Structures are given as C-alpha cells and as structure tokens.
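Inspection log for the structure reproduced underneath, given as structure tokens.
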Amino acid sequence: MQRVRFGVIGVGGMGVAHATLIQRIEETELTAVCSASAERTQQVAQQFGVPGFTDHRQLLGSGLVDAVLIATPHPLHAEIAECAFKHGVHVLCEKPLAVSISEGRRMVESARQHGCLLGAMLQMRTERHYRIARQAVEEGIVGNLLRAHTIATWCRNEAYYRSAAWRGTWAGEGGGVLMNQAPHHLDIFCWLAGMPCRVNAQVRTRYHQIEVEDEAFALLEYPNGAHGYLYVNVNEVPPTRYFEIVGEGGKVVVDGERVSVMRVVPPIPRYMQEAQDMWELPTAQPVVLDAPEAITGHEAVIRNFARVLLGTERRLIAPGEEALWSLELANAIILSAKRGKPVSLPLDGEEYDSLLAELRSTSHTKPVAQEIRRTDPNIARAIRMEQSVQE
C-alpha cells in the first residue's frame, strides 16, 4: 500500500505525540523530524530512527517528505507552511492555523497557488457528540438560527506559563486563552452556528503574571439578526464544556460529552402565527440521532489527511479555509477588546496586524530556568487511548 511520508516540525510534547501516531497509522510513514534545538533534534531523531534537522528549510528541501505536520509555537506556523508549499510539500498544521487572520489568509492562498493541501489539527470535529450536533444542523432540525452560546474553561497555573519562554507573551503566542486553549471550541462554535458579522468583546488578565488574556467574553451578532455569547478562561476547576444552539426549528445542547437534540413542532414562526390559544405552546420533541462508530481525535485527522492525499477520501476533516473561522473570531475578540469598540466581520486584517505590532513592541521574553516539554496530561491520555484502540 502506498504511504504518505511525513515530517514533524516542532517536537515538543505534542510534536512527539503526533510523530508516534504517524508511525502507527497504516497510511503514513514518519521520515524526518525537526527542532531548532540540536540536542532535542538528536534525541527525537534517535527515538524514532529517522533523520533529524535543525532548520525546517533543510527538511523541506531534502526530498524526504510528502507532507509535514507543524507543531511549533504558533507564530512560526505561517512562515514554515509557506516555505513548505514552495517546495511542493503538503501541510497539516496544529491549531491555531496562524497568529493573525492576514497570515492565515496568505497560507490558504499559498497552498492554492502551489497546488498543495492545507489542513488543520481541529480534532474535536471528530468527537461523537459534536458530529451529532453537526448532523442536527445539516439535517435542518435546528433551522434558522435564533441564538447560540458556548462556555469553555480550563485551569492553568503560573508553573505552566513558566515552562517555556514563549508562553503567555504577545511575541511568543500572539494571545492567551483565545490562541492556545480555545481554538478548538471556537472552531466548533463556528462549525455549528456559523460566522457572526459583528463582535463586541472584553478580555482580561485576572490571575496570572502574563502579558496576554486569561479570560475573554464576547457578544456576537449574526447576519439574520441572531445573537451569540462566548466565554472562555483558564481560571476554573472543574472545567466546563458547554454549547447550545437554538433555531426556529429546534435546539441542540452539548454538555461535556452529553448531547441532546429537540425538534420544535410546529416551528416557531408558524406557531407564532397559527396558535389559537394564548397559552398554547409548541411541542419540544426529542430527536434520536447517532453517529457511526469511527476513529476519533488526532489519529482521525492525520489518517484523513493522508487518505485525501492518496485519493481514498474526498474531503479533509478541517480544511485550511475553515480553520480561518476560529482564527478570525479570536482576532476579532482581541481587536474589539483592545480598541474598546465592536468590530465587523470579515475582519480588517491590516487593522489587526497594526494592533498586534503594538502589543508585540512591548512584549518581553520571560527567563526560564529549564524548559519543560510536556503536553497536557489529558491530551496525552487521549492520544494513548487512540493508540490502544488502533492496536
């Protein structure tokens, strides 16, 4: 069977996890790794038995790879991806796709111009409860949007932000919770509810000695007059994962991994006009939907990417064009909050670039006694489960 030769650029905790999966997936072969650290490159190259590089340009020009998975700090994503496309190498990129919507748009256009595939590691789309929610939207059960809201929280302490010089800085991350933890949830929000046309937001740094936000909340307006609310932080225990979308025809609630779908009979517009009794209410009927058993998580995204390249599947789980949604929303929230005004979408990329340049101009790299390359234990546990299922 033909296999896709993959290189991994950026071999911290997540990069090593991805490399492990690539070695195990039937359609992929790990053929190179890259880190800016010579010591780290040697260590990981020996671990996986593949050539190692300290310069991504050398890896991309080596002829050893058909595709790369980029798992570096996010400010490096765009530069590496565009270099890959110039070498005819396909790109699967960790979230967020880039730091700014301008960079993201350039990545998408560069991939198109060079005839390359660009995908994003937005693996939450593969989870059963979100696939059911998506099915309810696609089948028209929800109907015309009335409102949507999401709450997603994590807990990160100072030790987490001290683990690497780039963490918690405008120069190193280009944002806080919105750019690091929240992209998956922003993606699900946009995937199910669509893109808003106006954002009015606030961001705060409440508990951490960092430059970037540890809390963000936004009011959203949609082209049809619907409204949305979004709240994220890294300051809570236990974590919350909640999504709700309400339309004229029904309602979907995802609470953790539990999902409920309700159909409103008759739909709201018809009920409003046809009800004869002033206290008569429409019926909320539970709808049972099911998503077929399937591989989920990071493995599903990597396997799908390889299969699209090999021609055995037609569509990426998360194409680069769709990864722009969550990036644009994150940028819009930051721009609205920092400028103290509502902003319209599509976002003015130049205006956001100007703000980001201001924030980076006063950004400072933190001294770090020892860099810790260890991913979130929950993510590591999930990846181990993916591996055990495959075995």
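Quick notes on this structure:
- Residue in the stretch 240-248 that is over 13 Å from Thr150 (Cβ atoms) and not aromatic (Phe, Trp, Tyr) present: yes
- The stretch 217-226 - residue that is part of a strand (DSSP E or B) and among the hydrophobic types (A, V, I, L, M, F, W, C) and, of those, nearest to Gly176 (Cα to Cα): Phe217
- Checked against the criterion of being at pLDDT 95 or above and either in a strand (DSSP E or B) or not hydrophobic (A, V, I, L, M, F, W, C) (or both), the candidates Arg373, Arg360, Arg381 yield just one match: Arg360.
- Any hit, the stretch 266-285, residues being on the phi < 0 side of the Ramachandran plot, buried (at least 18 other Cβ atoms within 10 Å of the Cβ) and assigned to a strand (DSSP E or B): no
- You will find that of Val301, Val259, the residue that is in contact (Cβ under 8 Å) with a residue 24 or more places away in the chain, in the same structural domain as Val89 (by TED's automatic domain parsing), surrounded by 20 or more Cβ atoms within 10 Å (Cβ to Cβ) and of a type outside the set (D, E, K, R) is Val301 and no other.
- All of (1) more than 30 Å from Ile334 (Cα to Cα); (2) in contact with a Leu (Cβ under 7 Å, 6 or more places away or on another chain); (3) of a type in the set (Gly, Ala, Ser) hold for Gly247 with one exception: (1).
Matching residues to (1) under 26 Å from His227 (Cα atoms); (2) among the small types (Gly, Ala, Ser); (3) in contact with a Pro (Cβ under 8 Å, 6 or more places away or on another chain):
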site	(1), (2), (3)
Glu138	yes, no, no
Gly143	yes, yes, yes
Thr153	yes, no, yes
Gly172	no, yes, yes
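- Condition check for Gly143: assigned by TED's automatic domain parsing to the domain that holds Lys95 and either at pLDDT 95 or above or not small (Gly, Ala, Ser) (or both): no
- Residue check, Pro292 of a type outside the set (A, V, I, L, M) and modelled with pLDDT of 95 or more: no
- A Cβ distance below 8 Å, combined with a sequence gap of six or more or placement on separate chains, defines the contacts here; from the stretch 147-164, residues that are farther than 16 Å from Met179 by Cα reach residues that are in a helix (DSSP H, G or I) and at pLDDT 95 or above in the pairs Ala148/Phe189; Ala148/Leu192; Ala148/Ala193; Thr150/His185; Thr150/Ile188; Thr150/Phe189.
Conditions (1) modelled with pLDDT under 95; (2) of a type in the set (Phe, Trp, Tyr); (3) under 24 Å from Gly12 (Cβ atoms), marked per residue:
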site: Glu82; (1), (2), (3): no, no, yes
site: Gly88; (1), (2), (3): no, no, no
site: Arg128; (1), (2), (3): no, no, no
site: His149; (1), (2), (3): no, no, no
site: Trp170; (1), (2), (3): no, yes, yes
site: Glu173; (1), (2), (3): yes, no, yes
site: Leu178; (1), (2), (3): no, no, yes
site: Leu186; (1), (2), (3): no, no, yes
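- Filtered residues of the stretch 297-325 (kept if over 20 Å from Leu97 (Cα atoms) and among the β-branched types (Val, Ile, Thr)): Thr312
- Assessment of the stretch 270-284 against the conditions (in contact (Cβ under 8 Å) with a residue 40 or more places away in the chain, over 30 Å from Cys93 (Cβ atoms) and aliphatic (A, V, I, L, M)) yields no matching residue.
- Elements of the type strands (runs of 3 or more DSSP E) sitting completely within the stretch 1-118 and holding at least 2 residues that are under 23 Å from Ser163 (Cβ atoms) and touching a strand residue (DSSP E or B) at 6+ places or on another chain (Cβ under 7 Å): these cover 4-9, 28-34, 67-70.
- Residue that is surrounded by the fewest Cβ atoms within 10 Å (Cβ to Cβ) [pool: residues in the stretch 165-216 that are basic (Lys, Arg) and in a loop (DSSP other than H, G, I, E, B)]: Arg206
- Index of the failed condition, Thr365 passing every other in (1) out of contact with any His (no Cβ under 9 Å at 6 or more places or on another chain); (2) at pLDDT 95 or above; (3) of a type in the set (S, T, N, Q): (2)
- For beta carbons closer than 6 Å, sequence separation of 6+ or different chains, a first residue in the stretch 224-238 that is within 12 Å of Thr205 (Cα to Cα) and a second that is in a strand (DSSP E or B) and among the acidic types (Asp, Glu), the qualifying pairs are Asn233/Glu215.
- Candidates in the stretch 322-363 are the residues that are of a type in the set (Asp, Glu) and touching a strand residue (DSSP E or B) at 6+ places or on another chain (Cβ under 9 Å); of these, the one that is farthest from Glu213 (Cα to Cα) is Glu322.
- Residues that are under 27 Å from Phe189 (Cβ atoms) and at pLDDT below 95 are absent from the stretch 319-326.
- Residues in the stretch 227-247 that are touching a Lys or Arg at 6+ places or on another chain (Cβ under 9 Å) and part of a loop (DSSP other than H, G, I, E, B): Val234 alone.
The values are calculated or read from the model by the stated rules, or taken from the named source; none is laboratory data. Fair warning: this is a prediction, and the values are worked out from it, not measured in the lab. Using ideal geometry, Cβ is built from the backbone for each residue, glycine included, and neighbour counts are taken over all protein chains shown.
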